[in-house]
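The values are calculated or read from the model by the stated rules, or taken from the named source; none is laboratory data. The model shown is predicted, which means the values in this text are computed figures rather than measured ones. All Cβ positions, glycine included, derive from the backbone under ideal geometry; neighbour counts span all protein chains shown. Just the protein is used for accessible areas: all its heavy atoms, side chains included, with ligands, DNA and RNA removed. Shrake-Rupley method; radii C 1.70, N 1.55, O 1.52, S 1.80 Å.
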Amino acid sequence: MTSALRPRTALVLFGSGLGAVLAVAGGCSDSTVVGEGQFSRAIELASDPAAPLPRLAWLPGSCPGPVGGCESFCDGPPDSCPASACLPFLIDSGTPLSILPSSDGTLSFGQDCVELRAAGGLLDAPEDPDILSGTTASFRLYNAPMVHAPGTEVDGWDWSAGDELTPVGVGGVIGGNILRDFSVELRHLVGEPPTLAFFSEYPGTETVLGDQGRAYVRLQYPGRLLGRLLNDRCELGPGLDCRLSDFNLNQDNQDLLFESTRALVDACVAPPPCTVSWINDACQQTTGGLNPTGCSDDMGESATLVVATGAPGVVLFEDSAGRLLGPLDQLPSCAAILPESDVPACFESDAGQLVLPGWPALDGLRRLRIRSLGLLEGLDQPSGDSPCTRLRDRRKGLERQCDLFHDEGRPYRPAAVPEASVGASVVVIGEVALGDEQTGPDTSAWLPTLIVPETAAPVIALRREVVPEGAQPDGLVGGALLSNTETVLDFTESVESPGVRVRCLDPGPRCLAAPTCESESPGAEGNTPGRTSCCFGLPSELIARVALEGEDKQAPRVEDACCSALPRAALIDLQSPGLDLCTGVDLP
């Protein structure tokens, strides 16, 4: 096992509903969280790739724990589980402070050793001896600051998370105060086991990561993790004051500041379907589909979202949802969407429920589907074009990349021109474009979304933490971002530019990740030969045609330069024995 040590300040505002308490974790400036174990190696998760809520397993008690797998697995409230059972541990970037069940039924703070175990297969066969034998220790966290909460129910929270469609039990939570010290890679692809990997720093330069198709979504201005920084509240619960570990919370102790953990991203909500198509030997922006037309002038609406990996789908706050989607009462039923419909969202008939870690369940929520969601690289200054304008400009840049790829038979970086960006990353999920056989919207590809009243306690707490230093959040993006992607919470990038890296595991009409298009010759001006990063977002038919033009050449072929940007099925076809193209290119 290897280890990495990272210094940390340990005061964290816990904006949770544990008895409507603001709990503060205390420590001194030399406090460290030590990560030890399988750095960079994939650890199997208990998570549904179609509706991700990433969980590892852990065994309460000694740390290091016993060698081998778990004896049993229990996803009920911790106090209802046998002492020898492993419990699920939710990975949630949206929970500011990590949570463990207390051993004595009280609310307190501690610095703990937590041994995380692989959890692959536990959702489907938790009693299978072969599955249990695979739940071995994979990673340990030493001196991890934790809130210890009663393991039965805490002010209405019953140790669960998710929604009414995918409810899950929780035996603990790794929150933002620990995730912020690591890079964490989450991989979910339907048909293969979901995994997580820890890194002390994510490997690779921006150039190399862009060539892998990883779009870097830098956090929203001011470009860093946000949250409470002022020690203006000091209430830990009945019988607990500000004295923790012999340190007093006061305005003069600068080692005891609240720690920022909120990751805010620029978003464009419900942009209409639009892709770069190759039609009649020309590149053009269209809706895609069986009968493609030009893209709509509607660009969607700009928003600020918090990245919350423990939340299902997408969550929008009601006051923001009306601005982003129009009057909610006038949205059509998802069952009644017509081929010619251009609405940004539709409603589903059943009421929804949302459970966020540490909060009582929110019931009777409006459940929608929104057609798509774009995530944009944050600005480096307080003013600039809106996220939806930047998405439109990046799509125009992709069209120019396509033109040059068509003309030159290899990736090219276009010269800089106004309103056609190639120097920024963008991610779009949902119905990015219509599929080849579609004649109209397919709401099954739209993103499941819950609408939460702005008066709900979690919304009020979140907004108070972030405003005024950051923009007021309009909602959360959770499992929708993780589905069929490899998503990296890259909070160690630097103090100035943490962010989220996203790679589509099956690029196409349901997922677009377009990195910055880089030139092979840094600093060159004008149209210049580009790197593989300039391939992502180009029409798969054109990429395949260019690859076929190199059929009689010996590998490596310049015509294969964009093969890694192909959808999985198209890449498999070109690599078939009859063609033997795109050799050496692995499936994402």
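Normalising the Debye intensity of segment 153-192 to I(0), with uniform scatterers on Cα atoms only, and taking log10 at q = 0.23 Å⁻¹ returns -0.99.
The figure for LEU362 is an accessible area of roughly 40 square angstrom, using a 1.4 Å probe on the protein chains alone. With 16 Å as the cut-off, how large is the P(r) tail for segment 56-181, expressed as percent of Cα-Cα pairs? The share of Cα pairs beyond 16 Å in segment 56-181 comes to 60 percent.
Accessible surface for ASP75 stands near 90 Å², nearest 10, in the context of the full protein assembly shown (1.4 Å probe).
What shape does segment 364-449 take by its C-alpha gyration tensor, where a ≥ b ≥ c are the square roots of the eigenvalues and a/c under 1.5 counts as rounded, a/b above b/c as prolate, and the rest as oblate? Because a/c hits 1.5 or more and a/b fails to exceed b/c, segment 364-449 counts as oblate.
Projection of the Cα convex hull of segment 311-385, averaged over all directions and equal to a quarter of that hull's surface, yields 7.4 nm². Rolling a 1.4 angstrom probe over the protein heavy atoms with all chains in place gives segment 536-587 an accessible area of 49 Å² per residue. Accessible area of the chain with a 1.4 Å probe: how many percent of it is carbon plus sulfur? After summing per-atom areas, the C and S share lands at 49 percent. Phi angles across segment 44-56 convert, under the Karplus curve 6.51 cos²θ - 1.76 cosθ + 1.60 with θ = phi - 60°, into 3J(HN,Hα) values of 5, 9, 8, 6, 8, x, 7, 8, x, 9, x, 9, 9 Hz, Gly and Pro given as x. Normalised per residue, the accessible area of segment 56-181 is 35 Å², obtained with a 1.4 Å probe and no contribution from ligands, DNA or RNA. When shorter helices are ignored and each DSSP H run of at least 4 residues is given -39500 (n - 2.57), the per-residue value for the chain at 222 nm works out to -3500 deg cm²/dmol. Accessible surface comparison of HIS188, HIS406, probe 1.4 Å, protein chains only, largest first: the order is HIS406, HIS188. Among rounded, prolate and oblate, which fits segment 375-522 when a ≥ b ≥ c are the square roots of the eigenvalues of its C-alpha gyration tensor, a/c under 1.5 means rounded, and a/b larger than b/c means prolate? Taking the square roots of the gyration eigenvalues as a ≥ b ≥ c, segment 375-522 is oblate.
Residues SER133, SER302, SER183, ordered by accessible area of protein heavy atoms at a 1.4 angstrom probe radius and largest first, appear as SER133, SER302, SER183.
In this structure PHE109 has an accessible area near 40 Å², from a 1.4 Å probe over the protein heavy atoms. Its relative contact order, with pairs defined as Cα atoms under 8 Å and 6+ residues apart, puts the chain at 17 percent.
Averaging 1/r over every pair of different alpha carbons in the chain and inverting the result gives a Kirkwood radius of 24.6 Å. Using the Cβ-Cβ distance between GLN330 and ALA125 with R0 = 30 Å, the FRET efficiency computed as 1/(1 + (r/R0)^6) comes to roughly 0.05. Take the alpha carbon atoms of segment 56-104, find their center, do the same for segment 110-174, and report the distance between the two centers in whole angstrom. With segment 56-104 and segment 110-174 each reduced to a Cα centre, they are spaced 4 Å. Altogether, the Stokes-Einstein calculation at 4 °C and 1.567 mPa s, with the Kirkwood radius of segment 536-587 over Cα pairs as Rh, returns a diffusion coefficient of 122 µm²/s. Of LYS396, LYS553, the residue with the largest accessible area leads and the full order is LYS553, LYS396 (1.4 Å probe). The simple spin-label model puts a point 7 Å past each Cα toward its Cβ; for SER341 and GLU71 those points are separated by 5.3 nm.
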